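Visitor: Please find one structure pasted underneath; my questions will follow.
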Amino acid sequence: MKSVIVSLVFCFFLNVAFTQKDLSISGYIYDAKSGESIIGAKVFDDSLKVGAVTNTYGFYSFTLPPGLHNIIFNAFGLDPQNIEINLTKDTTININLSSTDLQLDEVQVNANKGEFIKSSQLGQIELEVEKIKTLPAFMGEVDIIKTIQLLPGVSSASEGGQGFYVRGGGPDQNLVLLDEATVYNASHLFGFFSVFNVDAIKSVNLIKGGMPANFGGRLSSVLEVNMNEGNNKSFHIKGGIGAIASRLTFEGPLKKDKGSFIVSARRTYIDAIMKVAISDTSPFFGTSYYFYDMNAKFNYKLGPKDKIFLSGYYGRDQFIYANKKDDFSVKMPWGNGIASARWNHVFNPKLFLNTSLTFTDYQFSFGSNQDEFQFKLQSGIRDYGAKMDFSYFPNNRHKIKYGANYTFHIYTPTNVSAKQDTIVFDTGEIQRILGHESGIYIMDEFAVNEKLLINAGLRYSMYQHTGPFKRFVKDDISNPDSVIQYNKGDLIKSYGGFEPRLSMRYLFKNYSSFKAGYSFNYQYVHLASISAVSLPTDIWYPTTDIAKPEQGFQISAGYFKELFKNKFEGSIEVYYKGLNNLVEFKDGAQPADNVSDNTDNLLTYGKGRSYGAEFFLKKISGNLTGWVGYTWAKTERIFAEINDGNPFPAKYDRRHDLSIVGSYKLNERWTFGAAFIFATGNTLTLPSSYYTQDGEVVFKFGSRNSTRMADYHRLDVSATWYCKTEKTIINPETGENITVKKKFKSNWSFGIYNIYNRANPYFLYVDNDGDLLKGDFKITVKQVTLFPIIPSVTWNFEF
């Protein structure tokens with residue numbers, strides 16, 4: 001550990017030595033209308049062609065030689081500003097950029113033009129929420145997760161499956177952050193909506209390759225979601241009324257130009273619709289579903305160098321199934337509670353600090369009642385985290401980040417209870433597993449010359465499994481089972497290791513670049529699934545003395561080019577990923593089996609690999625914009641106790657994945673959108689044969705995931721009609737007609753999901769008909785489909 005700290009300090013002071021006698025320009029860039037900081041705004045010297053891009057908090061810093069400079073401040077959709085300055089000392093310039101008078105005619109995935117080619121990061125894509133609102137949305141609800149699934153290398157498990165899959169990694173291998181707090185389950189309605197309310201979201205950044213050293217704890221990707229800060233100029237209300245959900249957002253200043261707040265809430269009314277649709281005489285009366293969530297954020301400027309942020313999220317899903325005929329009911333609630341507190345401090349023009357305290361609470365419950373028998377299963381995760389991230393800008397050739405983080409985990413993998421009438425069954429004690437995860441890192445993005453840019457980083461992560469904990473030791477039949485009791489604070493097992501990260505970019509003269517990267521990661525949490533589709537019933541389980549941390553490495557390379565006078569951006573990326581210590585439930589295992597047992601005794605461990613190629617072509621300007629993404633990939637798993645140790649395809653292995661997305665602006669009032677998706681069907685395990693024994697049918701199953709569902713494809717379309725944003729009034733002083741902007745704005749969004757009514761498979765099951773004795777017995781495989789063609793309409797408003 002000491003050697004690691006010494007190395008970090010040495011690297012830090014080595015980079016300080018590169019600092020020249022240039023002077024610094026730093027500050028914040030804000031939206032003049034709302035007062036919110038702008039992420040990804042550009043600041044550069046017009047003659048020297050050097051500058052910086054604002055970070056997540058709108059802060060920038062770069063150096064210039066003393067003298068006269070013309071500085072340009074620019075952000076997508078806002079009027080650029082030019083400032084001429086005679087630089088004689090380190091200078092702070094805070095800028096407010098005003099809205100442009102030009103109507104936006106672009107739907108871009110990445111608002112930072114040129115960063116697509118110049119950035120050293122591979123597979124990093126920024127989504128601007130306002131730009132994706134014109135794309136088709138399921139039941140009228142614009143959704144971030146559904147949008148990123150249209151990008152190459154990213155897919156959904158199935159229609160209705162929760163989570164998303166990046167380059168062959170499982171849903172647990174994605175680090176999902178909301179204002180830097182971890183989100184363990186990002187889904188509502190069993191995966192059809194995400195927990196991210198677009199009215200409360202400011203920016204989205206997806207990193208699917210070459211993960212930088214400041215992120216850790218996951219193997220596949222990082223999804224950074226940042227909430228809006230709220231308008232610190234004036235009060236505003238916006239919202240929407242849709243087919244199954246409504247939302248409302250209220251924002252305004254705490255103190256004008258000093259602080260602001262935003263509160264956003266939404267709720268579905270599916271339960272109200274079902275209550276009307278299901279009569280009180282129906283055996284299914286009482287069946288319902290709804291979800292609700294709320295976002296809140298407050299920020300305040302303590303001074304020119306200090307800002308604080310408080311943000312939170314709370315959401316719940318509630319599913320109830322009732323069958324009076326069978327006297328059977330199921331109640332299944334789940335949801336997240338998230339909070340974060342952050343402090344930004346500018347030590348000097350070259351050193352920026354962000355300190356964060358985070359809290360995450362994810363809870364899932366499944367309860368059933370039948371004939372006086374009650375059964376309940378609960379699981380959950382609670383995290384308390386803290387981290388510090390320093391950004392240091394010694395000169396224009398170096399951008400250094402370093403920091404440390406710590407998280408205290410409390411896992412409740414499965415807690416089972418049962419009773420019959422007044423009899424309570426002994427299901428053992430509630431199992432809780434404690435873990436301490438920490439890490440330190442340093443990275444430097446440095447320009448070797450104008451063409452070669454390198455991002456090199458090193459992370460060291462550690463994990464400690466501590467007591468109290470009860471280990472159930474399962475021996476063979478010749479030895480009795482035993483129990484090992486660990487007391488509070490006992491160190492049960494410790495893990496740790498270095499995680500090197502490296503990415504580079506080489507710039508060519510023809511507006512193109514070559515990028516390559518390598519990353520190695522540890523992951524100290526697992527997600528074990530017993531179903532063919534991903535559901536909230538999947539079990540989150542931590543690293544223990546038996547369940548070792550997952551390990552993964554990824555090698556990727558790509559060619560990126562701007563085409564047709566910078567109207568298009570195109571890329572080809574290839575990757576190879578190796579994974580170790582993956583988990584699956586043993587054949588026949590169930591989560592409820594761990595009564596007086598540990599969940600990791602029910603798991604088996606293996607490895608995996610994934611490789612593929614991604615092709616991406618994006619049109620970024622003009623009335624017609626959009627992209628085409630295609631992925632060829634192969635994902636395999638190898639478990640000694642499954643499939644006789646032979647490789648088998650992962651359940652979300654997809655050989656082909658194609659997305660075609662477009663948006664066309666007809667005029668100032670109408671915008672049309674469309675999205676077509678084609679994907680190879682998911683895998684599953686079905687019987688390969690059957691035989692009869694004592695008059696009963698016995699199935700013999702084929703090898704793991706040896707059956708593929710039918711290919712998945714559908715077409716969604718949308719149209720958005722905008723009400724007039726201006727009105728004509730009479731000037732009271734002159735009596736002339738003048739045109740002014742309306743304070744109330746609204747639009748109508750129309751959509752059709754699955755327009756040609758494709759019956760896509762959700763899952764398959766085996767059914768039998770006939771009689772064995774009569775000789776007409778036959779077995780068939782049947783398909784369950786969720787959604788046919790679905791129209792929707794949503795009214796959105798703002799004032």
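The values are calculated or read from the model by the stated rules, or taken from the named source; none is laboratory data. Predicted model only: the values in this text are computed from it and were never measured. As a convention, Cβ positions derive from the backbone with ideal geometry for all residues, glycine included, and neighbour counts pool all protein chains shown. With ligands, DNA and RNA removed, areas are computed over all heavy atoms of the protein, side chains included. Shrake-Rupley method; radii C 1.70, N 1.55, O 1.52, S 1.80 Å.
Visitor: Can you send over the carbon and sulfur percentage of the accessible area for the chain, probe radius 1.4 Å, protein chains only?
Guide: Result for the chain: 58 percent of the exposed heavy-atom area is carbon or sulfur.
Visitor: Evaluate the charge dipole of the stretch 278-337 about its Cα centre and quote only its size in Debye, nearest 20, assuming +1 on the Cβ of each Lys and Arg and -1 on the Cβ of each Asp and Glu.
Guide: The calculation lands at about 460 debye.
Visitor: Y690 accessible area, nearest 10 Å², 1.4 Å probe?
Guide: So the heavy atoms of Y690 present about 100 Å² to solvent.
Visitor: Keeping all protein chains in place, calculate the accessible area per residue for the stretch 645-799 (probe 1.4 angstrom), answer in Å².
Guide: Working: 9020 Å² over 155 residues.
Result: 58 Å² per residue.
Visitor: So how tilted is helix 2-16 from the main axis of the chain? Cα-based, degrees 0 to 90, rounded to 10.
Guide: 30 degrees
Visitor: In whole Å, what are the extents of the stretch 261-387 along the principal axes defined by its C-alpha atoms, from largest to smallest?
Guide: 71, 29, 17
Visitor: Provide the packing ranking of 644-657, 779-792, i.e. peptides ordered by the mean count of other C-beta atoms within 10 Å per residue, highest first.
Guide: Working: 644-657: 18.3, 779-792: 12.9.
Top of the packing list down: 644-657, 779-792.
Visitor: Along Cα→Cβ, 7 Å out, is where each label goes; now give me the distance between the ones at L48 and N348 in nm to one decimal.
Guide: Distance between the two pseudo-spin positions: 1.8 nm.
Visitor: Okay, moving on. At a probe radius of 1.4 Å, what is the per-residue accessible area of D79, in Å² to the nearest 10?
Guide: Near enough 60 Å² of accessible area.
Visitor: Would you please classify the overall shape of the stretch 166-243 from the alpha carbon gyration tensor, given that a ≥ b ≥ c denote the square roots of the eigenvalues, rounded means a/c under 1.5, and beyond that prolate means a/b larger than b/c while oblate covers the rest?
Guide: Oblate, because a/c is 1.5 or more while a/b does not exceed b/c.
Visitor: Which peptide among 455-466, 407-418, 617-628 comes first, and what is the full order, when sorted by highest mean count of other Cβ atoms within 10 Å?
Guide: 455-466, 407-418, 617-628
Visitor: Follow-up question, since we're still on this one. To the nearest 10 square angstrom, what accessible area does R609 show with a 1.4 Å probe?
Guide: 80 Å²
Visitor: About its Cα centre, what dipole magnitude does the stretch 438-519 give when the only charges are +1 on Lys and Arg Cβ and -1 on Asp and Glu Cβ, stated in debye to the nearest 20?
Guide: It works out to roughly 280 debye.
Visitor: Then there's this: Under 19 Å between alpha carbons, and skipping anything fewer than 8 positions from K387 in its own chain: which lysines qualify?
Guide: Hits, sequence-local ones excluded: K307, K401.
Visitor: Expressed in nm², what is the orientationally averaged projection area of the convex hull enclosing the Cα positions of the stretch 639-678?
Guide: 4.1 nm²
Visitor: Something else about it: Express the Stokes-Einstein translational diffusion coefficient of the stretch 720-770 in µm² s⁻¹, to the nearest whole number, given a Kirkwood radius over alpha-carbon pairs, 20 °C and a viscosity of 1.002 mPa s.
Guide: 128 µm²/s
Visitor: I've got another one for you. Using a cut-off of 14 Å between alpha-carbon atoms, which aspartates and glutamates can reach K782, once sequence neighbours fewer than 8 places away in the same chain are excluded?
Guide: Counting by Cα, and skipping residues close in sequence, K782 has these aspartates and glutamates nearby: D767, D769.
Visitor: Just reorder T707, T249 by solvent-accessible area, largest first, 1.4 Å probe, all chains present.
Guide: Sorted by accessible area, descending: T707, T249.
Visitor: I've got another one for you. Which whole-Hz couplings ³J(HN,Hα) result when phi for each residue of the stretch 254-266 is put into the Karplus expression 6.51 cos²θ - 1.76 cosθ + 1.60, θ = phi - 60°, listed in order with x for Gly and Pro?
Guide: Listing the rounded values in order: 6, 8, 3, 6, 10, x, 8, 9, 8, 10, 9, 9, 8 Hz.
Visitor: Determine how many Å³ per residue the convex hull of the Cα atoms of the chain encloses.
Guide: Value for the chain: 200 Å³ per residue.
Visitor: Expressed as a whole percent, how much of the Cα-Cα distance distribution for the stretch 502-584 exceeds 23 Å? All intermediate terms of the calculation are to be shown ahead of the outcome.
Guide: Details: 1667 of 3403 pairs.
Of all Cα-Cα pairs in the stretch 502-584, 49 percent lie more than 23 Å apart.
Visitor: For the charge dipole of the chain, defined by +1 on Lys and Arg C-beta atoms and -1 on Asp and Glu C-beta atoms about the Cα centroid, which residue among Y611, V416, P333 has the Cα displaced farthest towards the positive pole?
Guide: Y611
Visitor: Let me ask something else about it. Which pairs, out of K565/K665; K297/K619; K131/K238; K561/K634; K515/K665, put more than 23 Å between their alpha-carbon atoms?
Guide: Long pairs (Cα-Cα over 23 Å): K297/K619; K561/K634; K515/K665.
Visitor: Moving to a separate point now. Reachable lysines from K324, Cα under 21 Å, same-chain residues fewer than 8 places away excluded?
Guide: List returned: K275, K376, K419.
Visitor: Of E696, E437, which has the most accessible area and how do the rest follow, probe 1.4 Å?
Guide: Reading off the accessible areas and sorting them downward yields E696, E437.
Visitor: While we're here: With charges set only on the Cβ (+1 for Lys and Arg, -1 for Asp and Glu), what does the dipole of the chain come to about its Cα centre, in debye to the nearest 20?
Guide: So the dipole magnitude of the chain works out to roughly 2220 debye.
Visitor: With a/c under 1.5 counting as rounded, go ahead and sort the stretch 238-291 into rounded, prolate or oblate using the C-alpha gyration tensor (a ≥ b ≥ c being the square roots of the eigenvalues; past the cut-off, prolate if a/b is larger than b/c, else oblate). Mind showing how you got there, number by number?
Guide: Numbers: a/c = 7.25, a/b = 4.14, b/c = 1.75.
Judged from the Cα gyration tensor, the stretch 238-291 comes out prolate (a/c at least 1.5, a/b above b/c).
Visitor: Multiply the residue separation of Y518 and S703 by 0.36 nm, subtract the distance between their alpha-carbon atoms, and state the gained length in nm to one decimal. Please list the in-between numbers first.
Guide: On the way: separation 185, 0.36 × 185 = 66.60 nm, distance 3.37 nm.
Computed gain between Y518 and S703 is 63.2 nm.
Visitor: Let me ask something additional. Dipole of the chain (Lys/Arg Cβ +1, Asp/Glu Cβ -1, origin at the Cα centre): which of F73, Y314, S718 lies farthest to the positive side?
Guide: About the Cα centre, the residue reaching furthest to the positive side is F73.
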